[in-house]
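Student: The structure follows.
The values are calculated or read from the model by the stated rules, or taken from the named source; none is laboratory data. Fair warning: this is a prediction, and the values are worked out from it, not measured in the lab. Neighbour counts run over all protein chains shown; Cβ positions are idealised from the backbone, glycine included. Protein only, heavy atoms only, side chains kept; ligands, DNA and RNA dropped before computing areas. Shrake-Rupley method; radii C 1.70, N 1.55, O 1.52, S 1.80 Å.
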Amino acid sequence: MAADESTSTIKKRFDTIKLESTEENRRAYREMLFTAPGAAEYISGVIMYDETLRQKTRDGVPFPAYLAEHGMLPGIKVDMGAKPLAGFPGETITEGLDGLRERLAEYFKLGAKFAKWRAVIDIGSAIPTLYAIDANAEALARYAALCQEAGIVPIVEPEVLMDGAHTLERCEEVTNLVLDRVFERLFAARVQFEGMVLKPNMVVPGRKSSQKASPVEVAEATVRTLKRQVPCAVPGIAFLSGGQSPTEATLHLSLMNAAGPLPWTLTFSYGRALQENALSAWGGKSAGYSGGQQALFVRAKLNGLAAVGAYKGSMESSAA
């Protein structure tokens, strides 16, 4: 579960339920998610924001310790966000390498077992450029190497955004190129593929595209891309949802896993697609606490089924 929203991002989430984004409200929301009965059966790890990693349950148990005690590995988002790439309008570079070695050492002491770094690649009329792709690939590789040095497993997240008007074919072309350059830099940086997790986008048409791709087409294009670019030494691929609806992200994952044996484990690392229903049911009110937890459990269970190719859309109504 990606519960690593920055303070500004979680404010946008809370705005939808008309809840003020105070530190205590953010803590209470994360505790509602982390302590959901049964969720740990389907969620093996939680990515947290710096603030969250340092917070505690109402009973005074640090979140990393609580998660570990309940079979969920605690993780930490370590990048400082995507910033405009100088000289390249419309493109970004993720910052946060300065001081990362020291921060990783601190996070390790706080209980973090893995970390995450997100690179953002947008598709437009003249972008992405090869320079922007390579700059982000280099940062991902340097981050991953520092993580492994610190005894922390790196989640490598090169996200090709689905915000544009591009076709599924264009997304596949760009995702192939991005993954090719990322793994080239990871290898050059002597990152051990066996000790990392890839968190890629699925291959989908842009949100503004007139093209509509079927779930089967999305699954086939995504698996085809992964087979071309991801070494079999990588043990796991945990997809981001990237703006897909909860049901879309679950169905696409299930179709990929049902297609046949693959050299890696395909699973989920969803944020909004896992939390959206839980946030709405909770609503920031004590009366909605158990409802929010139940909504998270249902979504986690359905994605757990998708991770073994056993999810069907018809399960949505019965699970709810």
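Student: Round to the nearest 10 and report in Å² the accessible area of Cys147, as given by a 1.4 Å probe over the protein chains' heavy atoms.
Tutor: Estimated to the nearest 10 Å², Cys147 gives 0 Å².
Student: Of all DSSP beta bridges located in the range 1-143, what percent are antiparallel, nearest 5? Could you put the intermediate results ahead of the total?
Tutor: Working: 4 of 13 bridges.
Antiparallel bridges make up about 30 percent of those DSSP assigns within the range 1-143.
Student: Right, next: Please give the Cα centre distance for the range 17-42 versus the range 62-87, rounded to the nearest Å.
Tutor: 15 Å
Student: Let me have the 222 nm mean residue ellipticity of the chain computed from DSSP H runs of 4+ only, each contributing -39500 (n - 2.57), with the sum over all residues rounded to the nearest 500.
Tutor: One gets -14000 deg cm²/dmol as the mean residue ellipticity at 222 nm.
Student: Something else: Considering the Cα positions of the range 140-291, please state its Rg to one decimal place and its Dmax as a whole number of Å.
Tutor: Cα radius of gyration and Dmax of the range 140-291 are 16.7, 53 Å respectively.
Student: Also, I was wondering about something else. Would you check the accessible area of Leu33, probe 1.4 Å, heavy atoms only, in square angstrom rounded to 10?
Tutor: Using a 1.4 Å probe on the heavy atoms, I get roughly 0 Å².
Student: To the nearest 20 debye, what charge dipole does the range 1-145 have about its Cα centre, counting +1 at the Cβ of each Lys and Arg and -1 at the Cβ of each Asp and Glu? Numbers along the way, then the final one.
Tutor: Details: 19 positive and 21 negative charges, 49 e Å.
Computed about the Cα centre, the dipole is about 240 debye.
Student: If you roll a 1.4 Å probe over the chain with all protein chains in place, what percent of the accessible area is carbon or sulfur? Spell out each step's value before the answer.
Tutor: Working: 7500 of 13950 Å².
Accessible surface attributable to carbon and sulfur in the chain totals 54 percent.
Student: Rounded to the nearest 20 debye, what is the charge dipole size of the range 79-205 about its Cα centre when +1 sits on each Lys and Arg Cβ and -1 on each Asp and Glu Cβ?
Tutor: Values: 13 positive and 19 negative charges, 96 e Å.
The dipole of the range 79-205 has a size of about 460 debye.
Student: Give me a comma-separated list of calculated 3J(HN,Hα) values for the range 149-161, in order, Karplus coefficients 6.51, -1.76, 1.60 applied at θ = phi - 60°, integers in Hz, x for any Gly or Pro.
Tutor: My calculation for the range 149-161 gives 4, 8, x, 10, 6, x, 8, 9, 10, x, 9, 8, 5 Hz in order.
Student: May I ask which of Lys11/Lys113; Lys77/Lys109; Lys212/Lys312; Lys56/Lys199; Lys77/Lys199; Lys83/Lys199 have a Cα-Cα span longer than 18 Å here? Each step should come with its number before you reach the end.
Tutor: Working: Lys11/Lys113 27 Å; Lys77/Lys109 15 Å; Lys212/Lys312 20 Å; Lys56/Lys199 27 Å; Lys77/Lys199 13 Å; Lys83/Lys199 20 Å.
Distance filter (> 18 Å) returns Lys11/Lys113; Lys212/Lys312; Lys56/Lys199; Lys83/Lys199.
Student: Need the full-extension length gain, Val216 to Thr57, defined as separation in residues times 0.36 nm minus the C-alpha distance. One decimal, nm. Don't skip to the end; give the middle numbers.
Tutor: Working: separation 159, 0.36 × 159 = 57.24 nm, distance 4.18 nm.
Full extension of this stretch gives 53.1 nm more.
Student: Moving on to the next point. In Å and from the alpha-carbon atoms only, list the Rg and Dmax of the range 1-81.
Tutor: Over the range 1-81's Cα set, Rg and Dmax evaluate to 12.3, 33 Å.
Student: Rounded to the nearest 5, what % of DSSP beta bridges with both residues in the range 23-94 are antiparallel?
Tutor: 50 percent
Student: I would also like to ask the following. Report the longest stretch of the chain that contains none of the GluC sites (Glu not before Pro) sitting in a DSSP loop with at most 16 other Cβ atoms within 10 Å. Mind dumping the intermediate values first?
Tutor: Numbers: sites that count: Glu20, Glu95.
Looking at the chain, 96-320 is the longest stretch - no exposed GluC sites (Glu not before Pro) with at most 16 other Cβ atoms within 10 Å.
Student: A follow-up question, please. Taking the inverse of the average 1/r across all pairs of different Cα atoms in the chain, what Kirkwood radius in Å do you get?
Tutor: 19.9 Å
Student: Next question. Pull up the DSSP beta bridges for the chain and report the antiparallel fraction as a percent, rounded to 5.
Tutor: 15 percent
Student: Hey, another quick one. Under a Cβ-only charge scheme (Lys and Arg +1, Asp and Glu -1), can you give me the dipole magnitude of the chain about the Cα centre, in debye to the nearest 20? Walk me through the intermediate numbers first.
Tutor: Numbers: 35 positive and 36 negative charges, 96 e Å.
For this selection, approximately 460 debye.
Student: Right, here's the next one. Please work out the FRET efficiency for the pair Lys18 and Asp134, using the Cβ-Cβ distance as r and a Förster radius of 25 Å; give the result to the nearest 0.05.
Tutor: Values: r = 43 Å, r/R0 = 1.73.
Step by step, r from the Cβ atoms, then E = 0.05.
Student: Over all distinct Cα pairs, what is the inverse of the mean 1/r for the range 11-141, reported as the Kirkwood hydrodynamic radius in Å? Spell out each step's value before the answer.
Tutor: Working: mean 1/r = 0.0595 Å⁻¹.
This gives a value of 16.8 Å.
Student: Next question, about the same structure. I'd like to know how the range 77-179 sits against the 2.2 N^0.38 Å rule of thumb: what's its Cα Rg over that expected value?
Tutor: For the range 77-179, the normalised Cα radius of gyration comes out at 1.15.
Student: Note the direction-averaged projected area, equal to a quarter of the hull surface, for the Cα convex hull of the range 220-301, in nm². Could the numbers behind the result be given before it?
Tutor: Details: hull surface 23.4 nm².
Approximately 5.8 nm², given one-decimal rounding.
Student: Find the accessible area per residue for the range 74-190; the probe is 1.4 Å, ligands and nucleic acids are left out, and the unit is Å². Could the numbers behind the result be given before it?
Tutor: Details: 5060 Å² over 117 residues.
About 43 Å² of surface per residue is accessible.
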